[in-house]
Each structure stands twice: as C-alpha cells, then as structure tokens.
Amino acid sequence: MFVAWRDLRFAKGRFALIGAVIVLITLLVGMLSGLTAGLARENVSAITGLPADRIAFDGAEGDGGPSFSDSAVTGSQWREWARAPGVESAEPLGIATTKAGAGDGASTAVSVFGVRPGGGLGPVPEGVGDDSAVLSEGAAEALGADEGDSVTLASRELTVAAVRGDASFSHTPVVWTPLGAWQDIAPPSGPSGGDGGGEAATVIALTTDGGPDTDAAVADTDERAGTTTVTKADSLAAIGSYTSENGSLQLMRGFLFAISALVIGAFFTVWTIQRGPDVAVLKALGASTGTLLRDALGQALVLLVGGTAAGTAAAAALGAAVSGSDVPFVLTPGTVLAPAAVMVALGALGAALSVRRITSVDPLTALGSAR
Amino acid sequence: MSLELNDVTLTYPDGDGRLTALDRVSLEVPGGGLTAVVGPSGSGKSSLLAVAATLIRPDSGSVAVDGERVEGLAPGRLAELRRSRIGIVFQQPNLLASLTAAEQLQVMAQISGRPPRRARPRALELLEAVGLADQAERRPHQLSGGQRQRVNIARALMNDPAVLLVDEPTSALDHERGAAVVDLIARLTRGQGTATVLVTHDRAHVGAADRVAEVFDGRLRLPAATG
Ligand SMILES: Nc1ncnc2c1ncn2[C@@H]1O[C@H](COP(=O)(O)OP(=O)(O)OP(=O)(O)O)[C@@H](O)[C@H]1O
Ligand SMILES: [Mg+2]
C-alpha cells in the first residue's frame, strides 16, 4: 500500500469525487432501506404479529393468488379447519377498513380486526361484549380516545375496553373488536354471506403442529373446505398495497446497488488504465503482480469502507431525526448496516473486476521512449 | 557479479514471418565493468537490454544473471530476480508522480517485502551520491529532466543489483548533462561493482566505457580486447 496511499493523497480531487458518490449512494440506500422497512411495518405489522403460522383464504387457488380484500370464509369452513389433523388452533379473523370517529369530532381510517374474544388471536379478552373495542396505540392517538371513551366504527358506537399494541394494516391503525361486532360493521358479502354460524370472517388464522406431514394435511383440508392456505410470510403478498409498494422500493434499492457497483467499477477501470505505465514500471522493477493487485484492491477498499461508513452514519443520523415524526422509518442494524455491507461487497466486486487488468500490463512497455 | 548472454536469438512476429531482432548474440560483462552498446536505430539494442532484464524470453540461447540461468524460471521468480539483482535505468525516468525523490527509491524496498521506512537512510545516501541530497522531498514535477534521470539511476541501485542495465539515459538531456550522467554511471559501476550495459546513441559518451560493442541488424560485434 506504499504507492496506493500516496496516490490517494496525490490524486485527492479525483478520489474525493468518487468518495462523495459512494457516500451519497450509501446515504440514499440507507434511507430507502429504513423507509421500506418503515412502510412495510405500517402495512403488515398486524399480520406478522398474529400468533399463527398459516392463513387460510376462501376459494380455490386462482390466477391472482389469495387476497385479503376478496376473501370471505364461512363458519363451516372454519369448523372444517378446527377439527383438521395437524392443526392446533384455527381462529376466524375478520378484516375490514372503515372510518372511525371519536366524541370530539376526530376521525380516521382504521382497519377493523374482528376476532373471537378470548380466542388468543388479538387482544380482545374473554367475556367482552359486542359493544366493545380494543384500540391499537395508533388508533387511540389518531382518535384521541382512551380506555372507557366511546368511539364510532361505521356509525356503530363501541366502548374502548383497552389500548393495546401498535398493530397496523395497509397503512391504517388496527381496532380489534369481537367477531360479532365486526360482522355488524362489515357484513360478510358474497355467496357465503348467508351462512351465519357466528363465525363468518375474512380468513382463518391457523397454528399447525409443524410436523413433517403438515403440508400434505393442509392441502387435504384445503380441498375439503374449499380454501387456499399459505404461510403467514406468503400471505403478506395478499395485502394489495404491500406488494406494489414493497416491490417498487426493493427494485429501486436493487438498481442503486447495481448503479454503485457499475460506477465504482467504471472509476477503477479508468484509474487502472491511467496508471498502466506506472504499473509497467513497477513490474519491470520487479514488483510481483500479486503485490500490485493487493495494493490496488486495498486502495479501493479504503475508499469503499470510508465512503460507506460516512454514508451509513449520515443515513443513521437522518433516520434517527425523522423516526420520531410521521415518517415511517425503521432504524435497526438490519436496515442500515446490511445495505452498507452489500455496498462494500458489490463495490469491491466492481473494483476487483477492473483492477484485474493489472495482470495483463506488459513490463516491456516501460522500456523505450514511448510513455 | 556478472552478466552473460550466450548465443541469444530473439525474433518478433512480423506479418507472416518473423523478424530477427537479435542474431546469436553473446556478451559477457564482469562485475565493475561498463560495456557501451551502440548501433543504428532498429538494430536491436533495446531488445538486447530487454532480454538481459528478463522482460522478454529469447527464442534460443541462454542468459545468466549473477551466475543464475534464467531460462525456465517462473514469472514470479523472474520478478524476484529483477528486484533483487537487476537494476534498470529507463530511457525515460519513469518516476511515479505521487512519490518524492526519496520515496521513489524506498519503493524498491517495499516491492522486495522490506519496510520502506527502514530503507530511507540508504535512499538518502544514494540520492546524495547522485548529487540530489537537497531534492529528496521533491516530487517529479518539481525536478528538472537531469535531476529526474539521476533519481532514475539512484533507484536502479537501491537494491544493490549485480547487473545494471541502462537504456539511452541521455536522450532527454542536453550534451553536457548527458555526459555528466554517463560519468555518474561509470563512477557508480566501479564503486558498486555492477556489471553494467549502457545503450547509447551518442558516440561522444562512450569514452567512459571499458569497451564499446556495436550492434548492427541484430548482430553484436565486440572490438578486439582493449585495455
Ligand atoms: N514488440 C515488438 N514487436 C515486433 N517487432 C519489434 C518489437 N520491438 C522491436 N521490434 C523490432 O525489432 C528490431 C529491433 O528493435 P529495438 O527496439 O531493439 O531497436 P533499437 O536498437 O533499440 O532501436 P532504437 O535505437 O531506435 O531504440 C526493430 O526492427 C524493431 O522494429
Ligand atoms: Mg531502443
């Protein structure tokens, strides 16, 4: 690194320029990662937080895949699942988006999650009546309501039994209600709507025993009950807003990674070509190709790690500044450090491919007058 | 300390055939000896140096540097031979833009796997020997052409080479400075005991040499031994 360090200092302007590019791309990637995670949390935290491992949707598997907004399961489907082999618990879950209001005129869009009181799926305890609701913190804050206050959900008045958790779904805070209240607020529609049984809902949340035959047993029950069951992780794709949002954000992030690898590769390609004559001289003087490659790669890594560290620090600082506010931003090692590691790895790959041409520099060209 | 070329033939691809750049050349230079090589342009002088510097492999014949035969050595071993036993003074100074004069010399320690910092006293000593004691901290763009050429010479001597190969060191200099550089090389050759080959265009500079070899069309002609 003797020459590499001195080149870094000597060609300050050039290296500062590419360093700044690395800092900015890292900052952008870091912010985007935090934002993606933040948006995803607002979109799916109510589902990921469910104590279940699979979700059963109504209907046979179609082209579009299951969807929370189209699904409606009946009481008989639920009963089929409740006695299915390999299933430890099956809980109906009703999901509807509606407008919530509070006494003082505050109103907000919420997702109403109807569950069986005491069923364990949501924070609605046993014995709570159909005129009660449990607000998530987000809903309580938006409505300015607290325990004992009354709120209206789709013009139905409910008493706040408790404020629990910060679940949110499709960018709206969740209000948990007993299944009966949910059925009043959002009457299940479609062919299965008529089938009462008290357990009509949107989907069925399943906890399976996770045995080796689970998949086969689930497929069997799907057939009998006329449902489509996917894992909880796969069910996130059934939230319309999540797939489109997450998909485009991940695409942006992927492009940024690719762009940074290309920019770094291009920079080091030009730089390596420029110092070709120096490399020829060093080889003629007896430097081994391995040493020269190591130094060139070391130089690239200094730049990469320095730039990425600065960019990551900036992203973390900015993220910390905005995460208190309305901007959904998740600041964790996963959202900030992981993209930094990917940046360094991809940048090193780009640099490695470009400094490779050191191998083919002919020391003979150092002789003679052509320089 | 010596350089030996024995029956060396070198050809380059030339269209459909081959161009013979060196034709059965034999040359022996003892340690402390300075052999000047002159000849018209295109006669094969640089090719001779390139073969001696192990930068190009001859078609046939043998090369021995400091008693070690170089045929069949792997590229890594050849690089090691170059950094430890061969000093090359390039036609152009070929200095690295980001390094000071002293650092140009310290690089030789670094590529040999020794800490450059500890090579600094030796570097300063050599710079003093070539009359650049005051210029040690200057970068190439702050040096004159003659000063750069002297750094180039000092660098070639940094690892105490057995063989010193010098390719037209005066082509970028005026006559007076050119003569000074050739005198310096002659003095260092005797002082350090290197086996030196000096390629030059300028016959006026050959006075400092022990003997003058002429190359013509790839053939080397040595004079009848002089004193
Ligand atoms: N890499 C090469 N490929 C093909 N031919 C070459 C190559 N290098 C040199 N030659 C040819 O070999 C012959 C000898 O070239 P060389 O460079 O050794 O001459 P020289 O005596 O050093 O000339 P000059 O005084 O002009 O430097 C020339 O005819 C040249 O055209
Ligand atoms: Mg030449």
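The values are calculated or read from the model by the stated rules, or taken from the named source; none is laboratory data. Being a predicted model, the structure only gives us computed values, none of them experimental. Neighbour counts run over all protein chains shown; Cβ positions are idealised from the backbone, glycine included. To get the accessible areas, we keep the full protein, side chains included, count just its heavy atoms, and leave off ligands, DNA and RNA. Shrake-Rupley method; radii C 1.70, N 1.55, O 1.52, S 1.80 Å.
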Rounded to whole Å, sorted largest first: equivalent-ellipsoid semi-axes of the protein assembly as shown, Cα gyration tensor: 84, 26, 16
Top of A:D215, A:D326, A:D104 by mean-square fluctuation, Gaussian network on chain A, Cα under 10 Å: A:D326
Backbone N within segment B:95-135 under 16 Å of label point (7 Å from A:V302 Cα along the Cβ vector): B:97-100, B:103-104, B:107, B:110-111, B:116-117
Distant-in-sequence amide H partners of B:G33 (H built 1.01 Å from N, under 5 Å): B:T196
Relative contact order %, chain B, counting alpha carbon pairs below 8 Å whose residues are six or more apart: 31 percent
Interchain or long-range residues, amide H under 5 Å from B:H201's placed H: none
Normalised contact order of chain A, rounded percent, pairs of Cα under 8 Å and 6 or more residues apart: 28 percent
Segment A:60-225: C-alpha pair distances exceeding 21 Å, %: 48 percent
Rounded to whole Hz, the Karplus (6.51, -1.76, 1.60) HN-Hα couplings of segment A:344-351, x for glycine and proline: 4, 5, 5, x, 5, 5, x, 5
Set of lysines near B:K45 by C-alpha distance (under 23 Å), chain-local residues within fewer than 8 positions excluded: A:K283
Accessible area in the full protein assembly, largest first, 1.4 Å probe, for A:V203, A:V21: A:V21, A:V203
Point-to-point label distance, B:D16-A:A341, nm (Cα→Cβ direction, 7 Å offset): 6.3 nm
Karplus-derived 3J(HN,Hα), 6.51/-1.76/1.60, for each residue of segment B:54-68, Hz, glycine and proline x: 6, 8, 8, 8, x, 5, 8, x, 10, 10, 10, 10, 6, x, 9
Sum of -39500 (n - 2.57) over DSSP H runs of 4+, divided by residues of chain B (222 nm, nearest 500): -9500 deg cm²/dmol
A:K283 accessible area, assembled protein chains, probe 1.4 Å, Å²: 10 Å²
Amide H contacts under 5 Å for B:V89, placed H, 5+ residues apart: B:L165, B:V166, B:D167
For A:G290, net neighbour charge (Lys/Arg +1, Asp/Glu -1) across residues whose Cβ lies under 14 Å away: +3
Counted charge near B:V63, where neighbours are those whose Cβ lies closer than 13 Å (Asp, Glu -1; Lys, Arg +1): -3
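In segment A:60-225, what % of DSSP beta bridges are antiparallel (nearest 5)? Intermediate results must be reported in sequence, preceding the final value.
Details: 26 of 35 bridges.
Close to 75 percent.
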Chain B - convex hull of alpha carbons, volume per residue in Å³: 128 Å³
Table column - 3J(HN,Hα) (Hz), segment A:101-114, Karplus curve with 6.51, -1.76, 1.60, x for Gly and Pro: x, 10, x, 7, x, 5, 8, 7, 7, 9, 9, 8, 10, x
Cross-link partners of A:K232 among lysines (Cα-Cα below 29 Å; sequence separation of 8 or more within a chain): A:K99
Beta bridge orientation in the protein assembly as shown: antiparallel %, DSSP, nearest 5: 70 percent
Environment charge of B:V181, counting only residues whose C-beta is closer than 13 Å and scoring Lys/Arg +1, Asp/Glu -1: -2
